[in-house]
Amino acid sequence: MGAILRKRLFVQGFIIGDHYGEGRYERFFERMSGWLTEGRVHAREDVVEGLDAAPDAFIGLLEGRNFGKLVVKVADG
């Protein structure tokens, strides 16, 4: 907060509901659900096997080497 005051910065939060009014979320949810069901939208995941691979995977995450969600698989479920 001190740096914000000293540099006279303007800080403003962003609440999605303030900008995209009522009804839009429901419309988006309906459309996206259909696209997922139809297979038109795919989630991207990077999956690494085992806890021993987790540290390198985390470093890669911080360096931007992964795509989408990073998952560490520790067991078959």
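Using helices alone, I'd like the mean residue ellipticity at 222 nm for the chain: each DSSP H run of four-plus residues gives -39500 (n - 2.57), total over residue count, nearest 500. Mind showing how you got there, number by number?
Values: 4 runs with 34 residues, N = 77.
Taken over the chain, the calculation gives -12000 deg cm²/dmol.
Kirkwood Rh over Cα pairs of the chain into Stokes-Einstein at 37 °C, 0.692 mPa s: D in µm²/s?
Values: Rh = 16.9 Å.
This corresponds to a translational diffusion coefficient of 194 µm²/s.
Every read-out reported here was derived from the displayed coordinates using simple, explicitly stated rules and does not represent laboratory data. From a predicted model like this one, the values you see are computed outputs, not experimental measurements.
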